[in-house]
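The values are calculated or read from the model by the stated rules, or taken from the named source; none is laboratory data. Please read all numbers here as calculations on a predicted model, not as lab measurements. Here Cβ is always computed from backbone atoms with ideal geometry, including for glycine, and neighbour counts include all displayed protein chains.
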Amino acid sequence: MIGKKKPQKQKETLTGVLNAIGAFLIWGLSPIYFKILAHVSTFEILLHRMVWSFFFLFPIVILTGRWKEFSAAIANRRTLLILIGTTLLVSGNWFVFIWAINSGKILQTSLGYFINPLINVLLGMLFLKERLRPAQTASVILAAAGVFYMTIESGTFPWIALFLAISFSFYGLVRKIAAVNALVGVTVETMLLFFPASTYLYYLNTLGTGAFQSINASTDILLMGTALVTALPLLLFTAGARCINFATLGMLQYIAPSGTFILAVYVYNEPFQTVQLIAFILIWISLIIYSADSVIASGSGSRKNK
């Protein structure tokens, strides 16, 4: 009996790792997709992302038997107000991310998602009264030093990176308060913007200034495909998170910003100067410390539970 259960557990873990890797790879390589859509305005891409994501996600909610959860989330005033807040946060995050990609600032998006876990730690201390372990404190200080050094030496405040990191961290923090499944939550969020977004897109179409059905078929397909770029990695991530421990998930999450970093420097040839290199090195060191501490803490927790 024990021999039969172990391979099943290993299979679930491997599947979880592969799902998580798939999610982070899609997120990390998504700049390629949005670069192809650079001829469409950022705001219009965002609206299409909301509309088509709702069309994609809503049937999945029905097929997976989560209709009651979906209805309950909408009917509960407190939950709905929370999800309105998260909708605004994620919309702002998506808008700046797409704008940054098509403005030649992919490197800043990479920086933002590298420091995102450290912002999570800081928000946990400020709002959830979580105590920072010494290694976590060192990680946050090193990352802050990297951002501060880049700002002083380059004379440019990395607002894109900080906005992406802070908005996504607050998104995660606020979503903790709403007791809804990840799939249901994102479906409600896209639904909240579906009607105003689709109305405005229809208005653009009547004026003849909208991109959909006015440029070419490939543009239409790519705009509709923003649903997959949005929903598919989320579904893979959710499936993966159920099968692997938090420390492993935390290590794998760096695949996404690493992918955008490689694209920025080696594919799109964005300038990467000594100032940026030193700042990234400080942040990478902070992440190594943070990740090692998470693995050690996770191992200690597992031993205590046995």
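Odds and ends about this structure:
- Filter result (within 23 Å of Tyr149 (Cβ to Cβ) and either under 11 Å from the mean Cα position of the chain (by Cα) or among the small types (Gly, Ala, Ser) (or both)) within segment 93-108: Ala100, Gly104
- Tally, over segment 135-171, of residues that are surrounded by fewer than 16 Cβ atoms within 10 Å (Cβ to Cβ) and under 19 Å from the mean Cα position of the chain (by Cα): 1
- Odd one out for Ile221 among (1) of a type outside the set (Lys, Arg); (2) closer than 28 Å to Trp52 by Cβ; (3) surrounded by fewer than 18 Cβ atoms within 10 Å (Cβ to Cβ); (4) in contact (Cβ under 8 Å) with a residue 24 or more places away in the chain: (4)
- Any hit, segment 231-248, residues being free of Cβ contacts under 8 Å to residues at least 12 places away in the same chain, surrounded by fewer than 17 Cβ atoms within 10 Å (Cβ to Cβ) and closer than 23 Å to Leu25 by Cβ: no
- Some residue of segment 235-246 being at pLDDT 85 or above and part of a helix (DSSP H, G or I): yes
- Search result, residues across segment 196-216 that are among the β-branched types (Val, Ile, Thr) and either within 27 Å of the chain's Cα centre (by Cα) or more than 17 Å from His39 (Cβ to Cβ) (or both): Thr199, Thr206
- Unmet criterion (only one of (1) surrounded by fewer than 20 Cβ atoms within 10 Å (Cβ to Cβ); (2) touching a residue at least 40 places away in the same chain (Cβ under 8 Å)) for Val186: (1)
- When we screen Thr248, Thr226, Thr209 for residues that are out of contact with any strand residue (DSSP E or B) (no Cβ under 9 Å at 6 or more places or on another chain) and within 26 Å of Glu189 (Cα to Cα), the only hit is Thr226.
- Residue check: Pro117 meets all listed conditions (1) at pLDDT below 90; (2) within 21 Å of Ala182 (Cα to Cα); (3) in contact with a helix residue (DSSP H, G or I) (Cβ under 6 Å, 6 or more places away or on another chain) but one, namely (3).
- The listed residues are Ile215, Ile177, and the only one of them that is among the β-branched types (Val, Ile, Thr), at pLDDT below 85 and surrounded by fewer than 17 Cβ atoms within 10 Å (Cβ to Cβ) turns out to be Ile177.
- Per the conditions (1) out of contact with any Phe, Trp or Tyr (no Cβ under 9 Å at 6 or more places or on another chain); (2) on the phi < 0 side of the Ramachandran plot, the sole criterion not satisfied by Trp284 is (1).
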